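J.: If you scroll down you'll find the structure; I have some questions about it.
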Amino acid sequence: MRYLLLSLVLLSSCGKKPAAAGDGAPNPMDRVQPVEVMPVTVMPLRETVGLVGSIAANESAELRPEIPGVIESIEFEEGAMVKAGDLLVKLDTRELEAQLAETRASFVLAGQNLERNKNLLDDDAVSRQEVDAAVADHARLKAAIELLEVRLAKSSITAPFEGVTGARSISVGDFVTSQSVITTVDDLSRLKVEMQVPERYLPNLKPGGTFTLRAATFEPGAQVVGEVYFVSPRIDENTRSTLVKGYVSKPPPFLKPGMFANITLVLRTVEAALVVPETAILSTPRGTVLIMPTEKDGATVASFVPVKTGLRVPGYVQITPVGPPVKAGDSIVSSGVGGLILYPGVKLKPVEPVVKPGPPEATDRKLE
């Protein structure tokens, strides 16, 4: 019985004719569609790309002794500021000093022998070969003195540049070699930032570009600004990206070398872009259009205006008119263009938007 009733209902439904416009049904052209509208605005836009990078010191040196020896004194404190040339570690030089004194004495004697042989050569008392041997011995001892003086200078380990010393794992009396790490010195007056940028962004990469940086130690919304100084001329074959380096001048104290950072790299900037909310863009088979309320015969109707889109930022899209002119201040349907029943000529009822997008990056705060 249930299937019989269902069949009767379907047959009766199929037998009905659709109501015509003249049978009292509403005319679609008389329908008024409420729409949210906003003005076209002009604002600066930036094309950016989000990246990850690492932070390094402006200069960093791992100090090792060039000659082996026993540590005589340590002249620095861990984590202290040092200037270029400051003495950090002194090696025991007593053996070198004794060798230098011995060599200098031999050098004086060699000089006397050389003079004596030159005088005897005038009297034909010695051969030219003996004089040449005296000259060579004198020159050899002079070179030996210079070598020992260099080794003595290397026994004093100094700071290569101004910076902050690191930890040390040596003590007075330790024997060190060229493989022993004394300490590190880091120049933190500014920091370097290294990042890998995909190759498709290469046309917009150049020294002098800017970026913003955030790290885990930052307060919410805080950031620092840096400047690109190097773009590698090569593309990594494995990652298809290029190495980009930048400087962060006067970094905050909680930004340290070795930290991981989130980077927003600015690729290009348009200072006075004509922009609309991204929800106002309607893609059609004929291209991208905006819907503008226009006055016609005393009513507000929809007009479809073709445009080209450019830079995009959260909430906004840059537009360039390709047909009828669009200028700052013109009203456009700002939301729901893909979900509303809108077509050229439909009557509109403009209303204020419930939610307006904020300005791009309005929540960012720069750290000094």
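J.: From the list Glu62, Glu47, Glu66, pick out the single residue that is closer than 30 Å to Pro252 by Cβ, touching a residue at least 60 places away in the same chain (Cβ under 8 Å), open to solvent by 60 Å² or more (accessible area, probe 1.4 Å) and not in a helix (DSSP H, G or I).
T.: Exactly one residue qualifies, and that residue is Glu62.
J.: Right, next: Would you please name the residue that is modelled with the lowest pLDDT, looking only at residues in the stretch 161-191 that are open to solvent by 70 Å² or more (accessible area, probe 1.4 Å) and under 27 Å from Met81 (Cβ atoms)?
T.: Within the stretch 161-191, the match that is modelled with the lowest pLDDT is Ser169.
J.: While we're here: When only residues in the stretch 70-107 that are among the polar types (S, T, N, Q) and out of contact with any strand residue (DSSP E or B) (no Cβ under 9 Å at 6 or more places or on another chain) count, which is farthest from Ser178 (Cα to Cα)?
T.: If we take residues in the stretch 70-107 being among the polar types (S, T, N, Q) and out of contact with any strand residue (DSSP E or B) (no Cβ under 9 Å at 6 or more places or on another chain), then Ser106 is farthest from Ser178 (Cα to Cα).
J.: Inside the stretch 232-350, counting only strands (runs of 3 or more DSSP E) that do not spill past its ends, which hold 2 or more residues that are closer than 29 Å to Val197 by Cβ and either in contact (Cβ under 8 Å) with a residue 24 or more places away in the chain or of a type in the set (D, E, K, R) (or both)? Full working, then the answer.
T.: Working: elements: 241-249, 260-277, 282-284, 287-296, 299-313, 316-321, 331-333.
Those strands (runs of 3 or more DSSP E) span 241-249, 260-277, 299-313, 316-321.
J.: One residue is enough: does the stretch 193-208 have a residue meeting the conditions small (Gly, Ala, Ser), open to solvent by 30 Å² or more (accessible area, probe 1.4 Å), on the phi < 0 side of the Ramachandran plot and out of contact with any helix residue (DSSP H, G or I) (no Cβ under 8 Å at 6 or more places or on another chain)?
T.: no
J.: Please tell me if Val313 is open to solvent by less than 50 Å² (accessible area, probe 1.4 Å), at pLDDT 85 or above and in contact with a strand residue (DSSP E or B) (Cβ under 7 Å, 6 or more places away or on another chain).
T.: Against the criterion (open to solvent by less than 50 Å² (accessible area, probe 1.4 Å), at pLDDT 85 or above and in contact with a strand residue (DSSP E or B) (Cβ under 7 Å, 6 or more places away or on another chain)), Val313 does not qualify.
J.: Further, regarding this structure: Take the residues of the stretch 281-299 that are surrounded by 18 or more Cβ atoms within 10 Å (Cβ to Cβ) and among the β-branched types (Val, Ile, Thr): which is nearest to Val35 (Cα to Cα)?
T.: Ile291
J.: Which pairs turn up if I take residues in the stretch 129-140 that are in contact (Cβ under 8 Å) with a residue 12 or more places away in the chain and over 11 Å from Phe107 (Cα atoms) and look for partners that are open to solvent by 60 Å² or more (accessible area, probe 1.4 Å) and not in a helix (DSSP H, G or I) with beta carbon separation below 9 Å, at least 6 apart in sequence or on another chain?
T.: Every condition considered, no pair remains.
J.: Could I ask something else about it? Taking the stretch 69-85, which residues are farther than 16 Å from Lys154 by Cβ and either touching a Gly at 6+ places or on another chain (Cβ under 7 Å) or open to solvent by 60 Å² or more (accessible area, probe 1.4 Å) (or both)?
T.: Listed by number, the residues that qualify are Glu77, Glu78, Met81, Val82, Lys83, Ala84.
J.: Spot the failing condition for Gly226; the list is (1) closer than 30 Å to Pro325 by Cα; (2) surrounded by 14 or more Cβ atoms within 10 Å (Cβ to Cβ); (3) of a type in the set (Gly, Ala, Ser); (4) free of Cβ contacts under 8 Å to residues at least 40 places away in the same chain, and only one is missed.
T.: (1)
J.: Additional query: Yes or no: Phe260 farther than 22 Å from Thr48 by Cα, open to solvent by 40 Å² or more (accessible area, probe 1.4 Å) and at pLDDT 85 or above?
T.: no
The values are calculated or read from the model by the stated rules, or taken from the named source; none is laboratory data. Please read these numbers as outputs of a predicted model, since none were measured by experiment. Don't worry about glycine lacking a Cβ; one is built from the backbone with ideal geometry, like all the others, and counts go over all protein chains shown. Accessible surface areas use protein heavy atoms only, side chains included; no ligands, DNA or RNA. Shrake-Rupley method; radii C 1.70, N 1.55, O 1.52, S 1.80 Å.
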